[in-house]
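Every read-out reported here was derived from the displayed coordinates using simple, explicitly stated rules and does not represent laboratory data. Predicted, not measured: the structure shown is a model, and the values here were computed from it. All Cβ positions, even for glycine, are placed from backbone atoms using ideal geometry, and neighbour counts span all protein chains on display.
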Amino acid sequence: MTLAGLYISIMVGVMVTTGGSTLLPAAAAEIGGQDIYPLASTIGGVLGIVCMPLFGYLAAKNPALMPVLLSFSLAVGAVVVLMRASAPSMTWVIVVSFFWGIESAGNFVLGYSLIRVLYPAERSGALLGVAGTCAAIGMMAGPFLTGLIIDHFDWRVVCHVEWPLLLIASALVFFGARIRKADAAAVALPGAKFDFAGAGFLVVALSGVILCLSLGSNFIPFGGTANNALIVMTVVAIGGLVTVLRRKGAAAIVPSPVLADRNTALITVSLMLMTFSSMAAMFFVPAYILRVMGESATAAALTTTLLAIAGVVLGPIFGRRIGSTGDSRGVLAIGGIVRILVTVGLLVLLSPSLPLWVVYILMFLAGVYNSVQTITSSTIPQIQIRPEFRLMGNSVVQVGLALGGGLGLSVYTLVIASYGVVDGIGVAFAIALVAAVASFVLGFFIKKVDVHEDDPVPVSDTEILVMDGITATTASEFSPKRR
């Protein structure tokens with residue numbers, strides 16, 4: 001039951017996120033906001049960046065809260081999508097989208113960690129691979145269905161399809177597995193504290209950066225009073241954040257012992273750059289097809305669907321490989337090489353006269369690196385971060401992912417707003433290429449680990465049936481180790 005709810009939430013969450021690259025331009029055409037609609041995606045990551053370490057802290061302090069917190073986050077996501085459906089303006093969409101970060105944080109911090117707590121490394125690697133496949137299916141079905149529904153009905157209908165599914169996922173998780181404190185002793189940190197001051201400074205700083213970049217070319221121009229005020233606010237918040245980090249150390253919003261762990265730091269930065277690079281193609285190629293090539297919403301959404309096809313096959317393979325070997329470098333190398341080649345292809349070839357089938361081929365190939373990104377972001381933190389740092393470390397990694405996506409969208413939005421869609425998208429891909437190369441290089445320094453050092457011990461099938469509400473033939477033979 002828990003796995004079913006988690007997999008549904010991952011699919012629908014990805015549908016909402018990836019479908020936004022088609023839904024938001026269509027919504028802007030109806031309710032206005034052509035210049036600011038990317039902000040609805042960007043701003044949604046700000047709260048998520050804070051909720052990720054908050055959820056990590058709560059889960060580390062009491063792992064038994066993980067299912068309840070995950071269920072709550074999915075319910076919030078359902079409300080956000082429902083509120084989008086009734087939006088009278090793009091400002092409304094942007095405001096309610098701010099709370100979407102709660103759903104994302106729940107999925108990526110609590111959902112993936114829940115799998116790792118319930119199952120041993122090799123089994124969890126495979127299950128996390130399935131989670132990646134669910135994300136790929138969501139990415140494949142979401143954009144295509146979004147475009148199809150928009151072309152035949154309305155963008156609001158898309159929202160009315162998505163929010164009930166999130167409510168169902170929330171209910172399945174809530175009534176599914178329960179975890180006792182003793183079952184997750186390896187990852188529990190009972191004395192953990194949360195840095196609310198640091199979280200506040202972080203939200204203000206990120207909001208300032210995102211608003212300054214996203215709106216600097218139109219609504220609050222660079223050099224104007226409002227933009228300068230945003231810059232001052234951001235600088236003050238960054239100063240406050242640095243002070244808090246230095247004073248609180250291990251108790252800070254970004255714990256220094258976790259960052260001092262080599263694998264956590266490398267994984268965080270590498271995946272952050274990976275996500276930063278990906279946003280150029282994922283978000284702006286569909287908009288380019290809609291606005292420059294003049295194609296339909298379905299044709300534009302098909303690019304994101306093609307981006308997901310490879311992940312359906314490769315996801316479980318990559319996840320199993322990382323889970324069984326404790327080494328992600330080979331998988332990251334494959335993704336890095338393909339990412340660089342595809343980004344170069346888009347940089348050189350993309351133009352208003354380029355045949356649509358060429359774009360489709362490039363986006364299909366991009367599915368290889370997208371699969372690597374999806375699988376590694378869910379699997380590496382659970383496999384290659386030490387048990388005592390895993391929950392907090394995973395939250396830091398997910399913060400990096402959200403930060404990379406938010407900054408990427410902000411930077412690319414600024415570039416395209418400044419240079420125009422036709423000229424700006426080339427500059428955006430040049431920036432994305434630099435980030436892709438940096439991520440590729442950093443991946444080689446992530447250290448291999450022993451995947452069996454904290455595995456659970458076998459228990460009876462009866463206990464698994466009670467614990468997770470699924471059949472003995474599909475359940476793992478394991479439950480968390482009693483210590």
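Run the quick spin-label model on SER86 and ASP154: label points 7 Å from Cα toward the beta carbon, then report their separation in nm to one decimal.
1.4
Can you give the convex hull volume per residue for the Cα atoms of region 26-127, as a whole number of Å³? If you can, show how the numbers build up before the last one.
Numbers: hull volume 10.1 nm³, N = 102.
Residue-normalised Cα hull volume stands at 99 Å³.
Using a 10 Å cut-off around each Cβ, can you sort PHE429, PHE440 from fewest to most neighbouring Cβ atoms? Could the numbers behind the result be given before it?
On the way: PHE429 25, PHE440 21.
Starting with the residue having the fewest Cβ neighbours, the order is PHE440, PHE429.
Could you give the length gained on full extension between GLN34 and VAL437, defined as 0.36 nm per residue of separation minus the Cα-Cα distance, in nm?
Details: separation 403, 0.36 × 403 = 145.08 nm, distance 3.19 nm.
That works out to 141.9 nm of additional length.
Between GLY239, VAL338, CYS212, whose Cα lies farthest towards the positive end of the dipole of the chain when Lys and Arg beta carbons carry +1 and Asp and Glu beta carbons carry -1, centred on the Cα centre?
About the Cα centre, the residue reaching furthest to the positive side is GLY239.
Once you have all Cα-Cα distances for the chain, histogram them in 10 Å bins from zero and send the whole-percent values.
Taking all Cα pairs of the chain, the binned fractions are 4, 21, 33, 27, 12, 2, 0 percent.
With the crude spin-label approximation of a point 7 Å out along Cα→Cβ, what separation in nm comes out for ARG291 versus LEU354?
1.6
Roughly what percent of Cα-Cα pairs across region 195-252 reach past 17 Å? Present the calculation step by step, with values, prior to reporting the outcome.
Working: 667 of 1653 pairs.
Looking at region 195-252, the distances longer than 17 Å represent 40 percent of pairs.
What 222 nm value per residue comes from the helices of the chain, counting each DSSP H run with n ≥ 4 as -39,500 (n - 2.57) and dividing by all residues, nearest 500 deg cm²/dmol? Please list the in-between numbers first.
Working: 18 runs with 366 residues, N = 483.
It lands at -26000 deg cm²/dmol.
Name all residues of region 357-396 having a backbone nitrogen under 18 Å from the label point set 7 Å from the Cα of ALA333 along its Cα→Cβ direction, giving them as ranges.
Zone members listed by number: 369, 372-373, 376.
Once the dipole of the chain is set up with Lys and Arg at +1 and Asp and Glu at -1 on Cβ about the Cα centre, which of ALA87, PHE72, VAL422 lies farthest towards its positive end?
Ranked along the dipole, the leading option is PHE72.
Obtain the nm distance between the two label points defined at ASP423 and ALA171 by a simple spin-label model: each point lies 7 Å from its Cα along the Cα-to-C-beta direction.
Placing both labels 7 Å along Cα→Cβ, they lie 5.5 nm apart.
Explain nothing, just the number: dipole magnitude of the chain about its Cα centre with +1 on each Lys and Arg Cβ and -1 on each Asp and Glu Cβ, in debye rounded to the nearest 20.
Values: 25 positive and 22 negative charges, 233 e Å.
Computed about the Cα centre, the dipole is about 1120 debye.
Roughly how far apart, in whole Å, are the Cα centres of region 340-389 and region 92-141?
Using only Cα atoms, the two centres lie 18 Å from each other.
Rounded to the nearest 20 Debye, what is the dipole magnitude of region 313-393 about its Cα centre when Lys and Arg each give +1 and Asp and Glu each give -1 at the C-beta?
140
Starting with the fewest neighbours, write out VAL399, VAL415 ranked by other beta-carbon atoms found within 10 Å of each beta-carbon. Could the numbers behind the result be given before it?
Working: VAL399 26, VAL415 23.
Result, fewest neighbours first: VAL415, VAL399.
What is the fewest-to-most order of ARG116, ARG321 by other Cβ atoms lying within 10 Å of their Cβ?
Details: ARG116 31, ARG321 18.
Fewest-to-most ranking of ARG116, ARG321: ARG321, ARG116.
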